[in-house]
Amino acid sequence: MRALATLAGVATAVSTLAISTAALAGPAETYGFLSRSTAMGGAVSADATDVSANFYNPAGLASAPGVRIDIGYMRANASLRMNGKDNAVDAVHGLVFGLVAPGKLLGMPFAFGVALHLPDDRVFRVRALDQQQPRWEIYDNRPQRLFFGAHLAIQPVKWLEIGGGLVFLAATRARLDITGDLSLSDAATSRLRHEVDADLTSIRYPQLGLRLKPTDRLRLSAVYRGEFQLTLDIEARLAVQAKLRDSSCATTLCVPFFTYLTTSSVNAFLPRQVVLGGSYDLTPDVTLDADVTWIQWSSYKSPMSAVTAQTKFDPPPGFPASLTPEKPAPTVVLPPNFQNRVVPRIGVEARLPLSPKGHSLALRGGYFYERSPVPPQSGGTNFVDADRHAFSVGTGLKLHAPFTEMPGDIHFDLHAQWSYLPERVFTKDSPADPIGDYRASGQIWSFGTTLGLAF
Amino acid sequence: MGRFGRPTARGFVARAAGIGLVAWASSAHAAPQDLFGFGARSAAMGATSAAAAEGYEAVFGNPALLADTREKSLTLGLNFARHFLHADTADRARSLPTDPMKTITIGAALPIPLGGVLRDRITFGVGFLDPVKYLVRAKILYPETHQFPIIAPRVQSLAIILGLGARIGDRLYVGGGFEALAALVGTIDIRLDATGRVGSRTDDQVVAAYAPIFAAAFDLSPKLRLGATFRGELIGRFAVLIRAQDLGIPLPDFNVAGMAQYIPRQLQLEVRWLERRTTIALGVLARQWSRYPGPNEPTVSLNQEYGTGSPPFSAHDTLSPRIGVEHVLPLGGKASLRLRGGYIFEPSPLDEQTGKDNLLDATRHVVTAGVGVLGGQSLPFSVDVYAQAHLLATRVHHKDSESGPDVTSSGSMFAVGIATGVRF
Amino acid sequence: MAGVLMAVPSRIALLGCALLCACATLADAGRGDVDLPNVFSGPFRTLKRARRCYDDPTTGQQFCVGDDELPEGTQNGIAKYPGLPPSRSPSALVRGPLHVILFVGRGKEGSATDRIARLESKDARKFDDVVDVLPLDRPDEGASIGDPWALDVDGKVTLYYSSPTGGIFRARARDGLVGSSFDKDGPIALEGAASPLETEPARAPSVMLFGGRYRLFYASGTHLFEAESTDGLRFRRLGVALAPSASVDPATLPEGVRPPFDDASVDDPCVDRILTPAGRVLVRLLYTGRDKSGGSSIGYAGRFGDEGAFEKRAGFVYGGKLPGGLTKNSHANAPAVARFDDFALLYANQDTGESIQRLGVAISPQTISLPYPESP
């Protein structure tokens, strides 16, 4: 029976690990997840053992000292400008929530974690613009989405932790079918109907994390995050009787009109990433963290909609030639040709004891530099981006067992992050370009707070 | 605030308040569990749960009862369901195509180790019901197409359920919160770009609609428990506006929209009797289907009179009684075997289809059964299996003279599932 | 914390209130596309009259959708000005936000223009103030004058115009920047060897002034030419500025790819010069392109710097069918541009290929909407 229990336990844990879901990144990748980790520049892949480990390195969940629940709110306001004019890039704001539940499974340290960033106004957004329309590619739409993760972690030996799951995301596919009578003289009075067959299809990608503890003061980490994207594929079929007037086909010109439109686009692309990190306790109360993230931006997919339109319209003699539909050429999606980048991050935390009871105050700071992966936009695309220097600060108040009902710790964390995007000049090869030369620069302010209960 | 309104501070307050509370729950689309129940134990016991739910399953059935769970647990389940739906006319037997349902269930319960007067009183639960292939599916057919709109589309949707239950005193349990459902809205503007090639500007969003959940349970005696769960109306609308003004022919804006998923407002009342090794749960689920506007919307917004079917859609409220039984057999002191069974009577909210529309449905009889093995303290695992048979009563839809031959609807659904769990 | 936890009853009440009002989240369509860079040289979108009102049968009330970008009494794409005779070949001066003065040729419908008129509008779309400012009264002007080009020089509106037989002429305003009465200076001189392609008297002038030098673009035959001057009257020829595109057999093109719209001739230059945000000189040239089937559309070409060849943009920037396809081909020609901070309005002849002659108006970027004040 014991063997059966072991088998069932391991099977359940491993199976659950295999289907644990995490819709990664988006807001967390761009602006950080939870106040402590964000304040430390996100350089916490070797240091996060709280709920934020769901994003930074799920292996760290195994070191969680106890059950912990975090809830908070974040907001990032971007002031991104082209030619000195603010382009009104949407703010990112939403609730952040998560928990970690450590325990022992058949004697082995084991933990389960859940994390959520829920935007206030949408679950996610797929947005595809005209190919030539300038857009802040990294900051405009990519952070506008849910982040949801559920992970497992184990500690097979004292110096090693392993965590992970599969990344999960939804691809949207829709088939739309429209039939009926189309009035050419007054389109709004057309008698049309439609069918819809649409779905959000599950897509899963792997995510794995390792955490090594060679000494009591040093921790090392390695994280692999798979590539994923939101896709939107829509087919629209229009099969109607086009009537020149609202009268019966027997007495006026009436022509079958068939159009088949397809649009396909990719959004919220997250490139494959590998993170190597370290965390070192300079003193028992001061920790220095550093991460280096390799990001495979070169596989970035253009968010441009690839559109095809086929029409069939054979007017009879006498039908006005001006009503004959165009046969436009299909879209030619130009490759974005982004370049791979290495992002260095550094963070520091100093914990100041406030009382013998265990209350403490933490001061945190961090910095990271993201060199823009976007190449010069001298042709038909206008993916606008600039290098980013992000400075962050934060503080955290820990109250230990403040009252009888709360035997653990209460954490109250705040962070602020300022991102500076120095001016970048884009020039065009062609003087006939419809967009022309432009300058891009900006800054982003991000704030957040987290309330954590640790038991 | 209309159901398709803009985001407001009030919406934020709803969520913030929900998360900030001791008792809250969130469910992103409850359709599959509304049909089959959530969790292998509930599904085997006639989808009873408002008073009989145990473990993580309570996040859906009655989040207040999470407070009864005092061990951390993690559960993985697999579920399969298959429809066999028929719409026959005198000259033709017609089997309707439907997609089989395959879902994965993940559930966890986490007692919150507070102290003092809150010791052993609050438990957090989480549940996922993830279709293997689709997260959400919207299938809106022409109204005259033979279809079962109440049961067929409702098996393809993701559910994410979070809950927190609290025990107040020794007998009262409270829980509550909200459910969420995904909807897709957006615009697609087909037009020529600066180079004369056809392009599009697409802005589609998956948004969430929320509705409240309130739940409570009360132990009249150690044997007798009353439970009640209220869930609000949830509307998952698909709405994409397509503009194509550059094709050289005057086209109206196409409002490709409809009700992809709809969960009516519902109230579940239940009583559970525990007699030594036997549990009996008896309840009723009231659903307010009369607010369901039907699946179809006009294609041309300025021509509201066309495209929604004929005669106008109507549905009426239903009362669904159900019973569930569980009997425990000890297995050598280290584990126990649990035998389960149940029955649900599901009346149809849709009238006979006498016009051109064929939005079919019929009274459903659901027979459920299952078995589970629950380990003791030394064997922290569980295995549960269940099976359900949904039998649709044969129904003749007598058509009027202009609407073609009479249609006879019939069918069945079968569902099976397995769940394994560990406690840590 | 105890306070928080003990406040459960009040919070449950709050939750109840909040959840009872819970509703769908529906975010605005994404922004991030405000004040985007653009050279405001097309593609242009025809301004429209899109407001429609209906009676709601259930409430009995009227509801309206859409915005009008043009005033009542006009059709899609047509600027409003009083009656006949029609206005032709506009030139635009911007005097403030949406404050536009157009100089146009006017004449009997269907015949050549015989005067220059001034049209003024405070909304750029409805031109109530119309006055003839330059009559045909010189013997060397022949039987027709038209194709005006206006620019401000030394605090005066300076008008260049052309005659089919007499070439290009100049006049200067007596009332400064108002431009309601003019003194004629007579014809300009084009010096230097004429290109063999310059087969007709110069017409359709477009002039820009920078660094104290005038740069003239004009049409002759099937090409556009360029000339330079220091006084605005005596110009030195610089050669061909723009040639028609080579003809392409449509059968050799992929489906949906249009053949060149300007393989017969190029005409009616409309030129200006800017410094790009990167500090480069960009000369913007809108022109009429005519194909061999007789159709015409507006094209665009650009050039970095003040010398060298222009590069054409593929396809026309305005033309083809009018919106909805309910009318004939626009046969757009003779462009003029009024440039504002965030958009540009294109005025052009918008004929239907028959005898009807109208003045069309369109906007770039296409994504910008310009609701007319009458539309609530």
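The values are calculated or read from the model by the stated rules, or taken from the named source; none is laboratory data. This one's a predicted model, so the numbers in the text were calculated from it and none came from an experiment. Using ideal geometry, Cβ is built from the backbone for each residue, glycine included, and neighbour counts are taken over all protein chains shown. Side chains included, ligands, DNA and RNA excluded: accessible areas come from the protein's heavy atoms. Shrake-Rupley method; radii C 1.70, N 1.55, O 1.52, S 1.80 Å.
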| task | Please enumerate the residues belonging to the stretch C:103-133 that are basic (Lys, Arg) and not in a loop (DSSP other than H, G, I, E, B). | result | C:Arg106, C:Arg115, C:Arg118, C:Lys126
| query | Being open to solvent by less than 10 Å² (accessible area, probe 1.4 Å), touching a residue at least 24 places away in the same chain (Cβ under 8 Å) and in contact with a helix residue (DSSP H, G or I) (Cβ under 9 Å, 6 or more places away or on another chain), is that true of even one residue in the stretch C:183-197? | reply | yes
| field | Filter result for the condition that a residue is open to solvent by 10 Å² or more (accessible area, probe 1.4 Å) and free of Cβ contacts under 8 Å to residues at least 24 places away in the same chain, over B:Arg276, B:Arg272, B:Arg237, B:Arg265 | value | B:Arg276
| said: For the stretch A:262-314, give me each residue that is in contact with a Ser or Thr (Cβ under 9 Å, 6 or more places away or on another chain), small (Gly, Ala, Ser) and not in a loop (DSSP other than H, G, I, E, B). | reply: A:Ser264, A:Ser265, A:Gly277, A:Gly278, A:Ser279, A:Ala290, A:Ala306, A:Ala309
| query | Among the residues of the stretch B:328-362 satisfying the criterion of being surrounded by 22 or more Cβ atoms within 10 Å (Cβ to Cβ) and touching a helix residue (DSSP H, G or I) at 6+ places or on another chain (Cβ under 7 Å), which is nearest to B:Leu282 (Cα to Cα)? | reply | B:Gly342
| In the stretch A:339-358, the residues that are modelled with pLDDT of 95 or more and either assigned to a loop (DSSP other than H, G, I, E, B) or among the polar types (S, T, N, Q) (or both) | A:Gln339, A:Asn340
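Regarding the stretch A:114-122, can at least one residue be identified that is more than 14 Å from chain C (Cβ to nearest Cβ), open to solvent by 10 Å² or more (accessible area, probe 1.4 Å) and more than 30 Å from A:Ser430 (Cβ to Cβ)?
yes
Do any strands (runs of 3 or more DSSP E) entirely within the stretch C:144-203 hold 3 or more residues that are charged (D, E, K, R), and if so, which?
Numbers: elements: C:146-153, C:156-163, C:167-173, C:182-187, C:189-191.
Fully inside the stretch C:144-203 and qualifying: C:182-187.
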| Selection status of A:Gln133, within 14 Å of chain C (Cβ to nearest Cβ), open to solvent by 10 Å² or more (accessible area, probe 1.4 Å) and at pLDDT 80 or above | yes
| said: Looking at the stretch A:95-107, can you tell me whether even one residue there is open to solvent by 30 Å² or more (accessible area, probe 1.4 Å) and within 14 Å of chain C (Cβ to nearest Cβ)? | reply: no
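Look through A:Ser430, A:Ser441 and report the one residue that is part of a loop (DSSP other than H, G, I, E, B), open to solvent by 10 Å² or more (accessible area, probe 1.4 Å) and not hydrophobic (A, V, I, L, M, F, W, C).
On the way: A:Ser441 fails: part of a loop (DSSP other than H, G, I, E, B).
Among A:Ser430, A:Ser441, only A:Ser430 is part of a loop (DSSP other than H, G, I, E, B), open to solvent by 10 Å² or more (accessible area, probe 1.4 Å) and not hydrophobic (A, V, I, L, M, F, W, C).
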| Pick from the stretch C:243-268 the residues that are part of a strand (DSSP E or B) and under 28 Å from A:Asp437 (Cβ atoms): which of them is most open to solvent (accessible area, probe 1.4 Å)? | C:Asp268
| request: With respect to A:Phe455, determine if the residue is of a type in the set (A, V, I, L, M, F, W, C), in contact (Cβ under 8 Å) with a residue 12 or more places away in the chain, open to solvent by 20 Å² or more (accessible area, probe 1.4 Å) and closer than 28 Å to A:Glu137 by Cα. | output: no
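Given B:Ala389, B:Ala369, B:Ala362, B:Ala335, which one is over 21 Å from B:Asn79 (Cα atoms), within 26 Å of the chain's Cα centre (by Cα) and small (Gly, Ala, Ser)?
Values: B:Ala389 fails: over 21 Å from B:Asn79 (Cα atoms); B:Ala369 fails: over 21 Å from B:Asn79 (Cα atoms); B:Ala335 fails: within 26 Å of the chain's Cα centre (by Cα).
It is B:Ala362.
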| query | Hey, C:Thr165 hits all of (1) open to solvent by 50 Å² or more (accessible area, probe 1.4 Å); (2) in contact (Cβ under 8 Å) with a residue 60 or more places away in the chain; (3) of a type in the set (Ser, Thr, Tyr) but one; which does it fall short on? | reply | (2)
| Which of (1) at pLDDT below 95; (2) surrounded by fewer than 23 Cβ atoms within 10 Å (Cβ to Cβ) is the odd one out, the single condition B:His390 does not satisfy? | (1)
| request: Go through (1) over 30 Å from B:Val117 (Cβ atoms); (2) outside any loop (DSSP other than H, G, I, E, B); (3) open to solvent by 30 Å² or more (accessible area, probe 1.4 Å); (4) within 14 Å of chain C (Cβ to nearest Cβ) one by one and return the number of the condition A:Trp418 breaks. | output: (4)
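Which strands (runs of 3 or more DSSP E) does the stretch C:269-376 wholly contain that include 1 or more residues that are more than 8 Å from chain A (Cβ to nearest Cβ) and modelled with pLDDT under 90?
On the way: elements: C:281-290, C:296-304, C:332-339, C:344-350, C:359-364.
Those strands (runs of 3 or more DSSP E) span C:296-304, C:332-339, C:344-350, C:359-364.
Taking A:Ala187, is it at pLDDT below 85 and either more than 30 Å from A:Arg237 (Cα to Cα) or open to solvent by 10 Å² or more (accessible area, probe 1.4 Å) (or both)?
Numbers: at pLDDT below 85: yes; either more than 30 Å from A:Arg237 (Cα to Cα) or open to solvent by 10 Å² or more (accessible area, probe 1.4 Å) (or both): yes.
So A:Ala187 fits the description; yes.
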| request: Consider C:Ser229 carefully, then state whether it is over 18 Å from the mean Cα position of the chain (by Cα) and over 17 Å from A:Ala432 (Cα atoms). | output: yes
| request: Can you tell me which residue within the stretch B:144-164, out of those that are more than 12 Å from chain A (Cβ to nearest Cβ) and under 15 Å from B:Phe238 (Cβ atoms), is modelled with the lowest pLDDT? | output: B:Arg154
| query | So C:Arg118 clears everything in (1) over 18 Å from C:Arg358 (Cβ atoms); (2) free of Cβ contacts under 8 Å to residues at least 60 places away in the same chain; (3) not small (Gly, Ala, Ser) except one condition, right? Which one? | reply | (2)
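Could you say whether any residue in the stretch B:188-199 is modelled with pLDDT under 80, more than 12 Å from chain C (Cβ to nearest Cβ) and closer than 18 Å to A:Ile178 by Cβ? Give the derivation first.
Narrowing the stretch B:188-199 to residues modelled with pLDDT under 80: B:188-199.
From what is left, the residues that are more than 12 Å from chain C (Cβ to nearest Cβ) are B:190.
Within this subset, residues satisfying the condition of being closer than 18 Å to A:Ile178 by Cβ are B:190.
The answer is yes; a qualifying residue exists.
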